[in-house]
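Report on the following structure.
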Amino acid sequence: MAPLVLTPGSVVDGYRLEERLHQGSMAALWRVTRVDAGQAPLPLRERGGGEGCAGDSRPETLPPPPAATTPHPNPSPSRGEGLQSEVPEPLVMKVPLLRYGDDPTAILGFEVEQMLLPLLDGPHVPRYVGSGDFETQPYIVMERLPGEPLSAVLAEAPLPAGRAADLGARVAAALHDLHRQHLVHFDVKPSNVMFRPSGEAVLIDFGLSRLDGRPDLIAEEMHAPAGTGAYIAPEQVMRVRDDPRSDLFALGAVLYELVTGRMPFGSPQTVRGLRRRLYRAPVPPRALNPDCPPWLQEIVLGCLEVDPAARWQSAAQVAFLLKNPDQVTLTARAERTRRDSAVSVARGWLRWLARTPAVRPSVSERLSRAPIIAVAVDLSEGESDLSEAQRRTAGMLLGCAPGARLACLMVQRVPRIGMDINVDKEGNNRHVGALVRLKHWARPLNVAPERITYHVLEAPDAAAAILDYVRGNHVDHLVVGARGHSALRRYLGSVSSPLVAQAPCTVTVVRPAERPGAAAEEGGPGTE
Amino acid sequence: MRIALLADLHANREAVEACLAHAAQAGAQRCVFLGDLVGYGADPGWVVDAVMERVGRGDAAVFGNHDEAALLGPSERMSGDARASAEWTAAQLTGPQRAFLAGLPLSVEDGPCLYVHANAWDPGRWAYVRGTAEARRSLEATERRITLCGHVHQPALYQQAPGGPAIRFEPTSGAPVPLGGRRRWLAIPGSVGQPRDGNPAACCAVLDAAAGVLTFHRVPYDHETAADKVRRAGLPPRLAARLREGG
């Protein structure tokens, strides 16, 4: 196997190398165009570029995805086949370094990425175009993302809390989408995060990743902890590679850096240096940046807990908190101004060790243990058989998933036309009143304060407001009531039907048990 | 081109029908039968006819140790149940069916793939690939990058980087695995007709040859009927129970 000598103008499997964008220690990145440019759009010249791959300039005429017999994951059969027409230019080609003496982990990481990238999809990964085999010239071609990676923003750190939280929430949403595809990234760091023009974060570089159901080449063949010194999670240092919460630790380190301008554990290069984080807590962000609000410190330190079970339990939960600062329950973590003692940090680690079972759950199992459950109750007429039945259902769901969070929702109808100032005060009172009723309703559930949140949504259309909430907060399971017998339904229409039809998650429609002989109205089944 | 891989069919008509239907649904244009068409099960004639008909249309099949036992008599090493079923099977097969089995090759090479029943180093002596040492021995005995074999009834996937040891991986049903080009691979789809890992569903796999992606599958089938037929044929009752238990 003799790799080709690549220079600008070289053509590999139908891609022409235009310019080398980046030369790293592991791989080179080339901007490429399709040689047969007949039907392909002209290459768009993006400003910047940096080390980021992947670009988003989707034309409106993007062809529909090809029909697939396996719905998902769906590997695109394009290895070495050259032209691919689905992904528009600009494209980038990643070429691993294969010279004698090059880092062997470069090849391994490249193999892993070549295996996994075609199996991933969605807006939070660069779109895969094709790859070349080791027989001739190994490469991966993918979309090129415009702009700079998140690392470029670090020059401005410390960032204001709102900006850091917004960036962090977008990265968390991207991570949640990857975790839902049963992938753990294992190398989350600012230089591996790009953004689409639409604002969505995109994770790049899957060389250390692991996907359920696929061989873990890194675990088998790397004899040192796999990760980046500044961001690697403690369990990763101990070579445990199955926990999506490892990515949350790295996300915490990224957030810490955005908020303070410093890395929480420095950038150790030795295993001994890496192990220090098992017993040495970082300096709390507020000690470095007094402008960091307590809620943000709570979130960041909650990601950086040494014991994964003490961290936030899913990326969706972190995204949720970053977007709802007023819903963060502040604990002692929020006010800490000095680092935790070595003893208490190490204790967390020992707890983890003691609990680690021989058979460890898959990424998908872990994710299903930490769902976000939302219950939409209507307490406008006070509590009812229905709201009580909903509470029972919520209690059952929480009992099944120890890592679950419960979001209690209530919709206050507001007129479609804006309110005047006089009503505003009244509206505010109504809002507070609704919140009080909501908390009172939830009290018998006895949920720890950090696992439950309350939201009064003000909107003219209850179903639309609940749907917005569900979509925006990665809700996994929505519990609504069937307003079967209420006279209101005749006037206002069903709320549950559009939710069942449109919510992007499981929906349970609760109906109190009917007495035999009581008049029944048509409607959906009890649980769907 | 998608290729369905069916190993160790073991005269189980219900399982073979289910796997062939599944393969068609998965878009497979071709089937390769990885040996042991007969033995243990109650429908040897039907299974041999089905494979014969498909081989006539361009599919491929290789010879297995139970096929040999049905023609030449059971080997010394076979268990009591296997011996009894080999003798029963021999009495069921017609002349053309026997001739078809006798004409099967020990291995077939096609592009990057080697198809063989037991192993690559000495296919006719039926040694098992039960672990990484045997997998490495087999991988190093062939020029082909991808070995597909049967004989062992539990699904397994082994891979080997250049000069490295073979590494075993437990496949997950329905999860496509790209067979990276720098490595050599040995895949055992598991048994169609007599699964032995505690799950009675039939095992098979589909290789997308163009993309180099292999997907293992578990296919549920009417194992109660297959087990009843084994019992009614007068074969050892243990062979019927195995189909119900998958073990």
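The values are calculated or read from the model by the stated rules, or taken from the named source; none is laboratory data. Keep in mind that what you see is a predicted model, and the values were worked out from it rather than measured. Cβ coordinates were reconstructed from backbone atoms using ideal geometry, including for glycine residues, and neighbour counts include every protein chain displayed. Each accessible area value is taken on the protein alone, full model and side chains, heavy atoms only, with ligands, DNA and RNA left out. Shrake-Rupley method; radii C 1.70, N 1.55, O 1.52, S 1.80 Å.
For the protein assembly as shown, the number of Lys pairs with C-alpha atoms closer than 22 Å, counting only pairs eight or more positions apart or on separate chains, is 4. Near A:Ile452, the amide H atoms lying under 5 Å from its own belong to A:Leu406; only residues 5 or more places off or on other chains count, and H is placed 1.01 Å from N.
Tell me: how much accessible area in total is hidden between B and A, 1.4 Å probe, Å², nearest 100? Write down the numbers at each step before the final one.
Working: alone 9960 and 24350 Å², together 32490 Å².
The B and A chains share an interface burying roughly 1800 Å².
Accessible area per residue for segment A:150-367 is 36 Å², calculated with a 1.4 Å probe on protein heavy atoms, without ligands, DNA or RNA. At most 14 other Cβ atoms within 10 Å and a DSSP loop assignment: could you name the trypsin sites (Lys or Arg not before Pro) in segment A:162-230 that fit? Passing both the DSSP loop test and the Cβ count: no residue.
The Cα-based radius of gyration and maximum Cα-Cα distance (Dmax) for chain B are 16.6, 52 Å.
Normalised per residue, the accessible area of chain B is 37 Å², obtained with a 1.4 Å probe and no contribution from ligands, DNA or RNA.
When a/c reaches 1.5 or more, the comparison of a/b and b/c decides; with that in mind, is segment B:1-138 rounded, prolate or oblate per its Cα gyration tensor? Here segment B:1-138 falls in the oblate category. Placing +1 on the Cβ of every Lys and Arg and -1 on the Cβ of every Asp and Glu, with no other charges, gives the protein assembly as shown a dipole of roughly 1980 debye about its Cα centre.
By the gyration tensor of its Cα atoms, with a ≥ b ≥ c the square roots of the eigenvalues, what is the shape of segment B:106-195: rounded for a/c under 1.5, prolate for a/b over b/c, or oblate? Rounded shape, in that the Cα axes give a/c under 1.5.
Hey, with R₀ at 30 Å, roughly what FRET efficiency would A:Arg347 and A:Ala155 work out to, going by the Cβ-Cβ distance, to 0.05? The value I calculate is 0.20. Relative to the Cα centre, the charge distribution of segment A:150-367, modelled as +1 at Lys and Arg Cβ and -1 at Asp and Glu Cβ, gives a dipole magnitude of about 680 debye. Charge dipole of segment A:252-346 (Cα centre as origin; +1 on each Lys and Arg Cβ, -1 on each Asp and Glu Cβ, all else neutral): 460 debye, rounded to the nearest 20.
Projected onto planes of every orientation and averaged, the convex hull of the alpha-carbon atoms in the protein assembly as shown covers 40.0 nm². Taking Lys and Arg as +1 and Asp and Glu as -1, the other residues whose beta-carbon sits under 11 Å from that of B:Lys229 total -2. Note on A:Ser380 and A:Ala287: with the Förster distance fixed at 56 Å, the Cβ-Cβ geometry gives a FRET efficiency of about 0.75. Counting only DSSP beta bridges with both residues in segment B:106-195, the antiparallel share comes to about 65 percent. The loop-placed trypsin sites (Lys or Arg not before Pro) in segment A:307-383, going by DSSP, that have at most 16 neighbouring Cβ atoms within 10 Å of their Cβ come out as A:Arg338, A:Arg339, A:Arg369.
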